[in-house]
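Trainee: Below you'll find the structure I mean.
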Amino acid sequence: MLEVYKDKQPLFYDEITHSIQNKKISHAYLIETNDYSEKDDLILSFAKMLLCEKHLFSSQNCGKCNICHLIDKNALSDFIIIEPDGMWIKKEQILEMKEKFKTTSLQNNPRVYWIKQADKLNKQSANSLLKFLEEPEGNIIAILEVANRYQVLETIRSRCQVYSLVNQQIQRKFSDFELLVKIIQVLEEKENMAIAYLPITLENDYHNKDFWNTIFTEMIDIYESAIRKMQNVVYTDYGDILHLIVSKNRISQVILKLQVLFSTIQNLNYNLNMNMMLDQFIIEFSGGGCHE
Ligand SMILES: [Zn+2]
């Protein structure tokens, strides 16, 4: 029951129930989970709300009817869950879902697909999904779930109603905020010349993979706050460093920088040559590399 989240996720709950009660149901939702621990149950409850008539008129009740029962057992033909098959969500999985929904016989009933870890869409599957989102057929509703909204292509994100869950468990993992600020200053002010400056600033830490993992994660939080600030929505105030970022970048540049941060974090798991990886990071981060 979505009601359970009235206190735990008040913003999401209020907005969703309000829009559903006003019959303003979108055909695509992007739910930014921020790794909220109860995200699966919350999204399942949301799906029930979309699919079960009793839920549709009241956020409470139910969880008892046949439809809700089938959803719990993942046996409702009008509800499809797509999750990564190995590393990626494959194009075939998207096509299969389209095909299944084409042949579903129930008339006029809403049909819902839930894409788990939408950041795992590869180029091909993202393209097929995009076509589907551009030309929604019938009463089909997409729920895309991703830890961070910027991990989804802008073209997909812009077609979705975006909701963000709050994760209060996230704590500041990094105690040396001053050092973090210094790194961002060097990156923003020296741009690609940071290749020469950062090793001097950081000395031994420069080659430490775990160190960079923490730094990049923290930087993502700060650059996301910068975007929020630029869009005049609620943001975490990181003080002067946030001002610096906002004054030096356009929104599109900050989005690009976030993408570079995400791909670099992923590369940390593979790349053994830290020097080369960091050089590449600095070049791409300063806008000098070629991006997808
Ligand atoms: Zn029900």
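Trainee: Search the stretch 17-49 for residues being over 23 Å from ASN74 (Cα atoms) and either of a type in the set (Ser, Thr, Tyr) or under 20 Å from the mean Cα position of the chain (by Cα) (or both), and hand back the single one that is surrounded by the fewest Cβ atoms within 10 Å (Cβ to Cβ).
Mentor: SER19
Trainee: Name, by its number, the condition in (1) in contact with an Asp or Glu (Cβ under 6 Å, 6 or more places away or on another chain); (2) closer than 19 Å to GLN151 by Cα; (3) surrounded by fewer than 16 Cβ atoms within 10 Å (Cβ to Cβ) that does not hold for LYS248.
Mentor: Single failed check for LYS248: (2).
Trainee: Any chance the stretch 45-52 includes a residue that's of a type outside the set (A, V, I, L, M, F, W, C) and either in a helix (DSSP H, G or I) or within 16 Å of the ligand (Cβ to nearest atom) (or both)? So that I can check it myself, show each step before the final result.
Mentor: So in the stretch 45-52, the residues of a type outside the set (A, V, I, L, M, F, W, C) come out as 45, 48.
Applying the additional criterion that residues be either in a helix (DSSP H, G or I) or within 16 Å of the ligand (Cβ to nearest atom) (or both) yields 45, 48.
Among the residues of the stretch 45-52, at least one is of a type outside the set (A, V, I, L, M, F, W, C) and either in a helix (DSSP H, G or I) or within 16 Å of the ligand (Cβ to nearest atom) (or both), which makes the answer yes.
Trainee: Can you tell me which residues in the stretch 250-286 are without any contact (Cβ under 8 Å) to a residue 40 or more places away in the chain and outside any helix (DSSP H, G or I)?
Mentor: From the stretch 250-286, those without any contact (Cβ under 8 Å) to a residue 40 or more places away in the chain are 250-254, 256-257, 260, 263, 266-267, 269-273, 276-277, 280-281, 284; that's our starting set.
Within the stretch 250-286, ARG250, ASN269, TYR270, ASN271, LEU272, ASN273 qualify.
Trainee: Of the residues that make up the stretch 115-131, is at least one surrounded by fewer than 18 Cβ atoms within 10 Å (Cβ to Cβ) and in contact with a His (Cβ under 6 Å, 6 or more places away or on another chain)?
Mentor: no
Trainee: Here's another thing I want to ask about it. So in the stretch 65-111, with the set limited to residues that are hydroxyl-bearing (Ser, Thr, Tyr) and not in a helix (DSSP H, G or I), which one is nearest to the ligand (Cβ to nearest atom)? Give the steps one after another, and end with the answer.
Mentor: Within the stretch 65-111, the subset hydroxyl-bearing (Ser, Thr, Tyr) is 77, 103-105.
Then keep just the ones that are not in a helix (DSSP H, G or I); that gives 77, 104-105.
Working: SER77: 16, THR104: 18, SER105: 20 Å.
Once the filter is applied, the top-ranked residue is SER77.
Trainee: Against the conditions (1) more than 16 Å from the chain's Cα centre (by Cα); (2) within 22 Å of LYS90 (Cβ to Cβ); (3) at pLDDT below 90, where does SER125 fall short? Just the number, please.
Mentor: Of everything listed in (1) more than 16 Å from the chain's Cα centre (by Cα); (2) within 22 Å of LYS90 (Cβ to Cβ); (3) at pLDDT below 90, SER125 misses just condition (3).
The values are calculated or read from the model by the stated rules, or taken from the named source; none is laboratory data. Everything numeric in this text was worked out from a predicted model, so none of it was measured. Every residue, glycine among them, receives a Cβ derived from its backbone with ideal geometry; neighbour counts consider all protein chains shown.
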